[in-house]
Structure formats: C-alpha cells, structure tokens
1. Scanning the stretch 159-193 for residues that are under 26 Å from residue 99 (Cβ atoms) and among the β-branched types (Val, Ile, Thr), which turns out surrounded by the fewest Cβ atoms within 10 Å (Cβ to Cβ)?
2. Quick check: anything in the stretch 136-149 of a type outside the set (S, T, N, Q), within 21 Å of residue 238 (Cα to Cα) and either part of a helix (DSSP H, G or I) or not assigned by TED's automatic domain parsing to the domain that holds residue 188 (or both)?
3. Pick out the one residue from 245, 217, 232, 258 that is under 30 Å from residue 39 (Cβ atoms) and modelled with pLDDT under 90.
4. Might you check whether a residue that is of a type in the set (A, V, I, L, M), crowded, with 20+ Cβ neighbours inside 10 Å and out of contact with any Gly (no Cβ under 9 Å at 6 or more places or on another chain) occurs anywhere in the stretch 137-152?
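The values are calculated or read from the model by the stated rules, or taken from the named source; none is laboratory data. All of these numbers come straight from a predicted model, not from anything done at the bench. Note: ideal-geometry Cβ built from the backbone for every residue, glycine included; neighbour counts use all protein chains shown.
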Amino acid sequence: MAKHSEAIQGTEKEFLDEFQKLCYSRSSWQVWADLMAAMACSISNVADRSPEHYESREKEYAQCIERLGSVEIPAKMLAIIVEALERNPEQDFLGEMYMQLNLGNHWKGQFFTPYCVCKMMSEITCEDVDSHIEKQGYLSICDPACGAGATLIAAANTMKKCKHNFQNHVVFVAQDIDRITGIMCYIQLSLLGCAGWVAVANTISNPVCGDPLMPDEKPGQEFWYTPFYFREEWCRRRQLKIFREQFGALVVPLRKIEAERTTFYFDFEKGEYKCQNS
C-alpha cells in the first residue's frame, strides 16, 4: 500500500528540511536563487502573458528546475510557503528563512527590518487612509527598498485590521536593487493576494516613474506584476484612467467601479465618449 504523504504544516523546519535536500551538490546561495526564480516565474506566467515577460520566464523556469533536479521539492516548498502565510499572514516568512540561512549580503548593508518594526510603522502610517480611498477608490503604498516585502506585508495586514479590503483598494509598489530579494517580495505579495508590482532596479539611479497603476518601464528595470494586478477591478481602473486622460469631460467616481460594471460608448448625438455603470 502506498504511503500517504504527511500534511503540510507550513513550518520553518519543514521548509529548511526540504531546502537542505536540494543542496547536496551546490551552494545554498545557488539553490536559493534558482528556487526563488522558479517560484516567481511560475506565479508570473499564470497571469502575465505579455510577450516581453512570458517567453523569457518560461525559459528561465525550465532552466532553474533542471538545475534543481526535479519539480517535486520546489513544488512542495511553494506549498509550504502558501500554508505558512495562510496560517499566519503576519510574518515575513521568506525574509526570515533568508536570514536564518545566512544568505544576506552584509557587505551591501543587507539587513531586513524585523516584521514587528514594520508592523509598528504601518500602524502609524496607515491611520488616515479613508479620505484617500474615498477620493479615488484606492491608494498606493510604496517601498523603494522592499527587501522580501515585510513593510508591504505589514501594511496589507494593517489595512485589513482597519476594515479596508486591500485587495480592492491598495496597489502595492515595490523596488529593490537585488533581484533575488525583489522576487521574494513578489512571491509573498502574490500569495497574499496583493495587487501591484515589484521592479528590480536601482531606486536612486534608475527610479520607476509614472502612475502606480501604469508605471513607465525603462531600460534596466525588470517588472514583476502580481496576479491580482490583472483582476477585473484593477483593469477597469487602468482603462478608466486612460479614458479620463484622453477625454477630460469623462468623470466617474473611481471608488464605485469595484461594485459596478462600467460600459464605455460613444454618444453620436453629442459627439463625445460616455460611460454607463450597471
């Protein structure tokens, strides 16, 4: 009789035990880099089918899995992360694992802010968000040196405690110079259901410009858009923003769109674009 696999508990020990199985012939850093890249690519290509991202990430995923030996252990480790964040979203799981494995680059001053500190900062910063959401239907929260995303994770949890649906009302904006930590942030934001993006680039010499809903991608910047960024309500917001920029007379309260279906049409009698909510 075949043995039934033990239920995944989402513990740090589970994650570290599986990770050590992959390090039999390669360094911890090499394994971690491939593991994070494989996870990020698998999440990205579920929703982001843009030609500039999809094909290259499919190729990178295949290369990473080949170096890791098989897909079974990486898949189990992703399941452990999912379970860990499901049981306790108030944590920076990957950041903690990264530091426990001594993978941080102290020569570059890479020390992740403890989650408890991030939680305190988010509670102070997110006190008065009602007016912003009332005005435009959403707000953006930015971390220009995101690391594994502890500050943004804390902000999402604070918004939830304040009875705000962060999945519908917050766009999370992140940037980091380190690709591996940047995609760690991307993985965790994606699994927590946060809408937004992570840009891998130097925040000082190559900052991301443009609107948080539609950032301007420039050379030297690598963008990772979370699956929730492609949800219908956020797509409608981007579409509506484009129409508002092109046709200034079109005014619709953005805060209403997540509960309504918006139809754009051209009024031939008045010669102008209009929209109708249903």
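1. 177
2. Looking for residues that are of a type outside the set (S, T, N, Q), within 21 Å of residue 238 (Cα to Cα) and either part of a helix (DSSP H, G or I) or not assigned by TED's automatic domain parsing to the domain that holds residue 188 (or both), one finds none in the stretch 136-149, hence no.
3. Working: 245 fails: under 30 Å from residue 39 (Cβ atoms); 217 fails: modelled with pLDDT under 90; 232 fails: modelled with pLDDT under 90.
So the residue among 245, 217, 232, 258 that is under 30 Å from residue 39 (Cβ atoms) and modelled with pLDDT under 90 is 258.
4. Going residue by residue through the stretch 137-152, those that are of a type in the set (A, V, I, L, M) are 139, 141, 145, 148, 150, 152.
Add one more test, that the residue is crowded, with 20+ Cβ neighbours inside 10 Å, and what stays is 141, 148, 150, 152.
Keeping just the survivors that are out of contact with any Gly (no Cβ under 9 Å at 6 or more places or on another chain) gives none.
Looking through the stretch 137-152, none of the residues is of a type in the set (A, V, I, L, M), crowded, with 20+ Cβ neighbours inside 10 Å and out of contact with any Gly (no Cβ under 9 Å at 6 or more places or on another chain).
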